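Here the structure is laid out as C-alpha cells; the discussion comes afterwards.
The values are calculated or read from the model by the stated rules, or taken from the named source; none is laboratory data. Since the model is a prediction, treat every value here as computed from it, not as a measurement. FYI the Cβ positions are ideal-geometry reconstructions off the backbone, even for glycines, and counts take in every protein chain you see. With ligands, DNA and RNA removed, areas are computed over all heavy atoms of the protein, side chains included. Shrake-Rupley method; radii C 1.70, N 1.55, O 1.52, S 1.80 Å.
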Amino acid sequence: MSDMLDPIDINGEPWQWPDGKWRAIVDKVRAGRSLKPERWNNGARVAVALSFDSDHETSTLRWGETSPGKLSQGQYGSRVSIPRIRSLLAKYSIPASFFVPVVVAKIHPDEQRALVEEGHEVGIHGWIHELNSKLPPGNERDIMMRAADELERISGARPVGMRTPSWDFSSSTLSICREMGLLYDSSMMADDEPYELLEDGEPTGLVELPVEWIKDDAVYFNMDRFSGLRPYTPPSAVLEIFKAEFDGARAEEGLFLLTMHPHIIGHRSRIAMLEELIRYIRSFPDVWFATHAEVAHYCKENA
Ligand SMILES: [Zn+2]
C-alpha cells in the first residue's frame, strides 16, 4: 500500500480525488472478519458488557475551562455516582469496565484501586479527555504510552483496552494500539458484534468491541442550558430503547454493549432506570455479564 497517496493529504475537492486517494482513506481503519463466537461463555445466549466512561472533571478541563460550577458537576460523578454504581454492580454481582482519563485517575486514585479490587476493569480513556484524533502523531503516541503506565501504577492493573475520548481515531491511533500490544479497542461503529480491525486492509489481531450513540446515556440525558434542547429524555424512554437493544442482541445471540457516564447515569432517577434494566436482563437465565477485556479475550479465542 506504500504507493498509495497519503490519506492525510486531502487537498483538492473530494469529487476530484483519484480512486487511490478515497480508497486509502476508507481502508485506513476498517472492519475485518467478525469475531462473534458460535456461543458465549458457559453456553450463554447473549453477552452483556456494561461500561462507564469516568470523565468526571475532565469533561470541563478537556476544553481548557476552569469553571468551578462545571467541575462540581464532574465531581458529582466520583462523589455520588461511582458509589451508587459500585453498590449496584455488587448487589447483582456484575463486573463492568471503567474507561478513565489519567487526570481523573490522579484526582481519584482510591476509586480506581477499589474498582480493580472489586473485579472491574480500568481501561485507557486518554490523558485529560483530549480530542485524540486531532493530536500530532508524536504527542498522541507519547500520551497513550504514558496513559497505560500511569493507569497501571495507580490502579494496580495493566490496561489491555482503550476507548478513545473522541470515539474516533487519527491516522496514527491504530498503529499505536498495535505497537502497545493492546487486546481491544471500543470506539468504532461498524457492527453490533465484535470484529477484527483492519489497517490499510491488513488484519491487526486487534478486537473491536463496537459502540454506538444509540447505546450511550449521554445523547439522551445531556442538555444545553441556553438552547431549546431540554428537558431531558425521560429515563422510561431510554429504558425502552436499551431493553429493545438488549432483546435484539439476545435474539441474534450477540453482544449488548452499553456506554454510560457516572456524572450522567448516577442521578437518582437514572440509576433507578439502570437497576430496572439490570433486573430485566437478569430475568433471562442465559446471560453472560463480562468486562470488555473478558469479552475481547473470549472472542479472540473462540471466534
Ligand atoms: Zn469520555
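Structure notes:
- Those helices (runs of 4 or more DSSP H) lying entirely in segment 13-103 with at least 3 residues in contact with a Gly (Cβ under 7 Å, 6 or more places away or on another chain) and without any contact (Cβ under 8 Å) to a residue 24 or more places away in the chain: none
- Those residues of segment 95-124 which are of a type in the set (Lys, Arg) and either under 24 Å from residue 63 (Cα atoms) or modelled with pLDDT under 95 (or both), in sequence order: 106
- Restricting segment 194-215 to residues that are charged (D, E, K, R) and surrounded by fewer than 20 Cβ atoms within 10 Å (Cβ to Cβ) leaves a set whose member that is nearest to residue 52 (Cα to Cα) is 212.
- Close pairs (6 angstrom Cβ cut-off, 6 or more residues apart or separate chains): in contact (Cβ under 8 Å) with a residue 40 or more places away in the chain in segment 268-292, aromatic (Phe, Trp, Tyr) and surrounded by 14 or more Cβ atoms within 10 Å (Cβ to Cβ) anywhere: 281/246; 288/40
- A count restricted to segment 33-54 and to residues that are under 19 Å from residue 120 (Cβ atoms) and open to solvent by 10 Å² or more (accessible area, probe 1.4 Å) stands at 1.
- Segment 37-89: number of residues that are out of contact with any Ser or Thr (no Cβ under 7 Å at 6 or more places or on another chain), among the acidic types (Asp, Glu) and over 21 Å from residue 302 (Cα atoms): 3
- Given (1) of a type in the set (D, E, K, R); (2) away from the ligand (no atom under 12 Å from the Cβ); (3) farther than 19 Å from residue 204 by Cα, index of the condition residue 130 fails: (2)
- Pick from segment 89-105, criterion closer than 20 Å to residue 258 by Cβ and open to solvent by 10 Å² or more (accessible area, probe 1.4 Å), ranking: nearest to the ligand (Cβ to nearest atom): 95
- In segment 171-188, of all residues being in a loop (DSSP other than H, G, I, E, B) and more than 12 Å from the ligand (Cβ to nearest atom), the one that is most open to solvent (accessible area, probe 1.4 Å) corresponds to 181.
- Within this structure, residue 277 passes the test of being open to solvent by less than 70 Å² (accessible area, probe 1.4 Å), in contact with a helix residue (DSSP H, G or I) (Cβ under 6 Å, 6 or more places away or on another chain) and modelled with pLDDT of 95 or more.
- Residue count for segment 106-125 under the criterion of being within 13 Å of the ligand (Cβ to nearest atom) and either open to solvent by 10 Å² or more (accessible area, probe 1.4 Å) or free of Cβ contacts under 8 Å to residues at least 60 places away in the same chain (or both): the result is 1.
Yes/no per residue for (1) small (Gly, Ala, Ser); (2) closer than 20 Å to residue 97 by Cα:
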{"position": "157", "(1), (2)": "yes, yes"}
{"position": "163", "(1), (2)": "no, yes"}
{"position": "166", "(1), (2)": "yes, yes"}
{"position": "178", "(1), (2)": "no, no"}
{"position": "189", "(1), (2)": "no, yes"}
{"position": "203", "(1), (2)": "no, no"}
{"position": "209", "(1), (2)": "no, yes"}
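- Residue among 149, 168 that alone is out of contact with any Phe, Trp or Tyr (no Cβ under 9 Å at 6 or more places or on another chain) and assigned to a helix (DSSP H, G or I): 149
- Against the numbered list (1) hydrophobic (A, V, I, L, M, F, W, C); (2) surrounded by fewer than 17 Cβ atoms within 10 Å (Cβ to Cβ); (3) within 16 Å of the ligand (Cβ to nearest atom), residue 145 comes up short only at (3).
- Residue 237 satisfies every condition listed in (1) of a type in the set (A, V, I, L, M, F, W, C); (2) out of contact with any Leu (no Cβ under 8 Å at 6 or more places or on another chain); (3) open to solvent by 20 Å² or more (accessible area, probe 1.4 Å); (4) modelled with pLDDT under 95 except (4).
- Some residue of segment 153-170 being surrounded by fewer than 20 Cβ atoms within 10 Å (Cβ to Cβ) and without any contact (Cβ under 8 Å) to a residue 24 or more places away in the chain: yes
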